[in-house]
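To keep things clear, I will list the structure first and then write my remarks on it.
We did not get these values from a lab; they are worked out from the coordinates using the rules stated. Owing to the predicted nature of the structure, the values given are computational and were not obtained by experimental measurement. Glycine also receives a Cβ, built like all others from the backbone with ideal geometry; neighbour counts cover every protein chain displayed.
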């Protein structure tokens, strides 16, 4: 059974024929792209013209996201920017504390149980002139139920008095840098850092494992993928216990599940030996829409949380250097074993010292276990300098840069965390490409919204939220950005032979677009409309989710 | 809901290979009836000696003498919240931090949980390698911050270095760790009463009013009938790095009885419970400084 789709334009990412008007699909795979006359040669076909006025691109690949974005939408969104939920409703951005409180009050009014917790997410006071939200503010929402609002960065939680009381923290005499105190000696309700957030977070409805994603969350995450043109998405750090793998296998196998999910096993909490053993077991459970068998190693923290490991001269505001989340010995051991067993690793590094450590360990590991095509990928890698990109090239590494970060927190990096010069080199897409380092760009959803076309816009324009261009020299061209969100990301997952371009033999994974990203202009990339997706030949209109 | 008495928690820190796991096993073997709960970052290379294990139920390993061992993975705070629901509750929690963790930060987080009270921070230093680690390109500041956080530093594996090298190493550690108490150990062997403070609130620990000693440690009892400035007393005890622990009830200048608890350079002064008698037990490395002036002359 062959279906030939016509389109206004098909962007193939295949240099042999970069553009086409028709694509033929059989058994969920691509027979070929070209003209109708050419494709007729494959035999009987049905001509499907529903995309005749659309632009078709290869299904977009999100190389660094977390499926928990689907779960978060069950909480009240209070972000500064407009954001679309899994059901397609656009929640308007809120530009002040009053607006945040109003939305929470509305949610409160809709709740029947007066004691049930009310969690909100994606607060970002840096857009309210850094005016802090206090427990007194949140007490205006409710004094009977615990209320808690997670910041967009995921590093700070604001709670009301009831929540503090339930956690036993509504008292004087606390002495912890993560718990600022008001003039009355009581906590202000702001809680900074995961260790401080957890004991209160459980009372306001934030689940025990923030990175975990349940069945409904996974289904909702997949809806967001369709709405943003994504057909393959990573779930970049999960512990993947048997019950989670069973759930994900079952859900992704459903005939109407629209996304190829690539979960990576988080290194934490097990020894390097156990980690390798677990991933070798997971590899056996891999399926078409659930690709298992990769490892994510977290090396340091975050730059805006001042927990990233920085080389000299460190943080611009003089903050103490960040934290290692793994010892060099364990990192070396995981890298060596993974090279030996042909297991694919992605490493989280934010600070340039953490990146340097990974490069050192790779150099050593490759001496012991030479590997011609390991594609180990540095994720975030936000502060790498040119010399480090040259080393990545020599070591055969890939990079997935956090282009969105630049827009959301670029101003803060310029003013506070790393200072002007390093802020301009952050997420150095142009340097990566100049040095032939295979590159992807990412959203880290839910930290920033899932949407590779927006991510491409970020990398092309390098605008910050305040409207400054930050790092002119690191801008990339539209075609480079479009490559990064398709084949570029697919390459970092070793899926470039299957997805990422529209050419004979590959998966029939398409992003169906309302506009042509190649001609709208770089400044409009983020506004390109998404009709939906085709995944493995199955059509998923966003309007019918 | 009645508030239960908080459980004392001791943080054990130090870099990979310093002897943290050996110390945990040593304490389990010498628990003397205390039901210890061990929290480890990972179960790897099984952290507990096989002969101590009674049952391995996955997330919780049951050990001899009512002790348990749990792994906290990437979510220490959640594990602590869960542990507070255990019935019966353990007598003492020993938290073995990962080799790269900063034990002071962990202690700061623990202080927010009403079910726990921090006993102290023990940091192990491998006598053979600690100075080299402390100048490592990547790990130097982490090692130094771990030492800074310590109330007690165990200079471990001292049998593997020359006696002649010890004084300089001790001086260096003293400088890096502030006024922490420094104890030389082999195979992480340490009497449990030095490693862990007992937190009975009824004053029973003062029943044995004797002074006794081993080859390395000395325990002295002081009968404190006079009133003192408790803060000044605590400061003097803290400044003497030979004194590892002190605990007791001291009458302050207003004649009110206070509880004084000290580990290394850190101390707490709180209101004493009802029906206890004055007295102070001091444990330290021999020879203890002469404290009679400090304790009676103020």
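Side notes on the structure shown:
- Segment residue A:524..residue A:17, full-extension length gain: 180.0 nm, with 0.36 nm per residue of separation and the alpha-carbon distance subtracted.
- Solvent-free Debye calculation, one equal scatterer per alpha-carbon of the stretch A:427-501: log10 I(q)/I(0) at 0.13, 0.27 Å⁻¹ equals -0.38, -1.33.
- Quarter of Cα convex hull surface for the stretch B:204-296, i.e. mean projection, nm²: 5.4 nm²
- Shape of the stretch A:76-201, Cα gyration tensor, a/c cut at 1.5: prolate
- Counted over the stretch A:1-75 with a bin width of 5 Å, the fraction of Cα pairs per bin, in whole percents, is 3, 14, 22, 20, 12, 7, 9, 7, 4, 1, 0.
- Between the beta carbons of residue A:106 and residue A:421, assuming R0 = 56 Å, the FRET efficiency works out to 0.80 to the nearest 0.05.
- Approximate spin-label separation residue B:16-residue B:239, in nm, with each point projected 7 Å along Cα-to-Cβ: 4.2 nm
- Mean Cβ count within 10 Å, highest first, over the residues of peptides A:153-163, A:515-525: A:153-163, A:515-525
- For the stretch A:223-286 and the stretch B:20-96, distance of Cα centres in Å: 31 Å
- Mean per-residue shielding of peptide A:324-332 is 5, counting Cβ atoms of other chains within 10 Å of each Cβ.
- When both the stretch A:395-442 and the stretch B:251-298 are represented by their alpha-carbon centers, they are found 57 Å apart.
- Separation in nanometres of the label points that stand 7 Å from Cα toward Cβ, at residue A:436 and residue A:284: 4.0 nm
- The stretch A:273-327: radius of gyration over Cα atoms, expressed as a fraction of 2.2 N^0.38 Å: 1.70
- For the stretch A:410-545, the alpha-carbon coordinates run over 48, 33, 29 Å along the three principal axes, in decreasing order.
- Shielding of B:100-113 by partner chains, average beta-carbon count, 10 Å: 5
- Whole-angstrom gap from the stretch A:507-534 to the stretch A:156-195, using each part's C-alpha centre: 45 Å
- Proportion of all alpha-carbon pairs of the stretch B:108-209 beyond 19 Å (%): 52 percent
- For residues of A:267-274, the mean tally of beta carbons on other chains within 10 Å: 5
- Gyration tensor over the Cα atoms of the stretch A:215-535: the corresponding equivalent ellipsoid has semi-axes (square roots of 5 times the eigenvalues, largest first) of 28, 27, 18 Å.
- When shorter helices are ignored and each DSSP H run of at least 4 residues is given -39500 (n - 2.57), the per-residue value for chain A at 222 nm works out to -8500 deg cm²/dmol.
- The protein assembly as shown: radius of gyration and largest Cα-Cα distance (Dmax), Å: 29.7, 106
- Per-peptide packing, taken as the mean over residues of other Cβ atoms within 10 Å, places B:71-80, A:426-435 in the sequence A:426-435, B:71-80 from highest down.
- Of the three principal axes defined by the Cα atoms of the stretch B:14-166, the extents in descending order read 48, 34, 24 Å.
- Ranked by the mean number of other Cβ atoms within 10 Å of their residues, highest first, the peptides A:376-386, A:473-483 fall in the order A:376-386, A:473-483.
- Calculated on alpha-carbon atoms, Rg and Dmax of chain B in Å: 19.0, 58
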